[in-house]
């Protein structure tokens with residue numbers, strides 16, 4: 001529970017002074033009192049929380065003042081250019097008199113914004129940086145990382161390595177007959193799941209890199225929407241570097257696996273290679289050292305924690321955006337579960353992949369993993385409804401509940417093929433698909449507005465070519481109905497079945513990357529329409545009127 005301090009809602013200068021003085025006098029002094037009287041003692045954790053909240057408020061206030069100052073100067077420059085153009089076209093010299101009047105206006109001549117910025121700097125330096133101005137400026141004016149050409153070089157290098165290694169792997173696999181119906185069963189049941197985890201994850205990272213590139217090209221402020229720090233946020237080149245590094249490592253491991261297997265090494269040792277690769281990447285993810293994009297890795301872990309613990313954490317934009325990504329990675333999660341089962345249940349030594357593919361426990365795990373991402377997303381919607389009292393979040397929760405019902409029906413039909421379950425699958429999957437398509441187009445993308453000046457789109461569009469939006473709508477519809485293949489089952493053997501599963505899982509990842517761009521485009525336009533440029537930071541006190 002946040003500490004409450006009443007301060008008068010007066011001018012910004014007096015409010016700043018009140019914040020600084022009351023924070024350190026009331027909070028710190030009260031924390032030193034004897035804990036005998038209830039409410040007098042404030043523990044250190046509450047002080048640190050209050051300090052963090054007010055520090056964030058100072059940073060946002062400083063940023064807002066900077067934007068206001070920039071807005072004033074840009075308007076002056078624009079007005080000057082317009083007058084020069086007018087003088088040139090009309091052969092008049094009217095700009096001097098107009099500029100004299102404009103420069104005298106309070107909006108241009110006032111230095112109040114500059115004085116407020118100086119005052120914020122001074123107070124922040126005193127109370128939050130121990131009178132070290134250089135340290136204070138790291139918070140108030142964080143420097144963005146300079147993009148290095150080395151990143152671009154390594155992206156190209158690893159891309160070339162991936163293409164070359166994949167060609168070698170395809171040749172070796174064809175020569176060894178590893179994907180033949182008879183010899184390939186053991187391979188696709190034991191090795192394919194763990195390698196497909198990395199392949200799907202790398203594809204998702206590649207799509208995210210494409211999203212970052214498009215958001216930057218179209219000037220969509222994704223850092224503000226996700227509340228990322230510009231100094232540590234992942235750039236599109238970084239995402240491409242991580243993706244290509246992953247894929248190069250995975251294909252290299254697959255080639256080593258094939259070569260060792262062909263040379264007669266013990267199968268238990270050879271099949272340990274995917275597990276070793278999984279352990280290496282997991283260790284890199286949780287590595288505490290400031291290496292390999294540590295801020296991004298820790299942000300990812302924190303977001304995953306918030307998703308798993310839904311609805312106990314307040315839901316931010318990045319939380320439910322990531323949860324939506326997980327709903328498109330259910331095949332990857334199922335492969336990860338089967339891989340963990342294979343290694344933990346002793347299948348590595350016995351090579352009995354049936355251990356993790358049969359039994360009631362396996363069937364129950366398949367249901368749980370297929371439901372979990374939808375359940376987490378539904379709980380986030382419930383939490384947002386509880387916090388905001390907006391019935392739209394309950395309607396959104398219904399979408400994920402319908403997806404859970406449809407996924408459960410398809411899993412049951414895969415084991416009990418009869419006309420009853422076939423009809424249930426058609427009904428539940430059709431309802432869920434229509435529900436999802438409506439929410440995609442109307443709520444998430446803001447399209448299909450019949451009153452829009454752009455036919456069945458929206459009034460404001462970032463992309464100039466309108467036909468791209470219509471193509472995207474049609475593409476999203478096609479990719480949303482790939483569940484039909486799971487009902488018709490166009491496959492012949494276990495190898496082809498696995499390959500088709502991977503192909504359709506990849507299509508879903510690409511659909512999600514395609515969906516991401518328009519989702520954030522709509523969010524950006526809503527922010528612009530509501531003039532949201534800075535965050536509303538909560539404070540550990542409440543403002544009261546001066547009369548009180």
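All of the numbers you see were taken from the coordinates with simple rules; none came from a lab. Small disclaimer: the values here were computed from a predicted structure and weren't measured. Virtual Cβ from ideal backbone geometry, glycine too; neighbours counted across all protein chains shown.
In angstrom, the C-alpha Rg and Dmax of the chain are 28.8, 92.
With everything on Cα atoms, drop me the angle between helix 12-22 and the longest principal axis of the chain, reported from 0 to 90° to the nearest 10. For helix 12-22, the angle is close to 70 degrees.
Peptides 108-114, 502-508 ranked from most to least packed give 502-508, 108-114, packing being the mean of other C-beta atoms within 10 angstrom over each peptide's residues. Against the chain, whose longest principal axis comes from its Cα atoms, helix 494-529 is set at around 10 degrees.
Fully extending the segment from residue 368 to residue 477 would add 36.6 nm, taking 0.36 nm per residue of separation and subtracting the current Cα-Cα distance. Taking other C-beta atoms within 10 Å as the exposure proxy, 106, 375 rank 106, 375 from fewest upward. The relative contact order of segment 149-529 comes to 21 percent, based on Cα pairs under 8 Å that sit 6 or more residues apart. Fully extending the segment from residue 388 to residue 213 would add 59.7 nm, taking 0.36 nm per residue of separation and subtracting the current Cα-Cα distance.
Measuring nothing but alpha carbons in segment 54-183 and taking Rh as the Kirkwood radius, the Rg to Rh ratio lands at 1.40. Compared with the alpha-carbon gap, the fully stretched path from residue 442 to residue 145 is longer by 103.2 nm at 0.36 nm per residue. From most to least packed by mean Cβ count within 10 Å, the peptides 433-442, 70-79, 249-258, 453-462 give 249-258, 433-442, 453-462, 70-79. Rounded to the nearest whole angstrom, the semi-axes of the ellipsoid equivalent to segment 363-493, taken from the Cα gyration tensor as √(5λ), stand at 31, 22, 11, largest first.
Taking Cα atoms only, the orientation of helix 391-415 departs from the longest principal axis of the chain by about 10 degrees. Extents of segment 372-438, taken as max minus min of Cα coordinates on every principal axis and listed largest first, are 44, 22, 14 Å.
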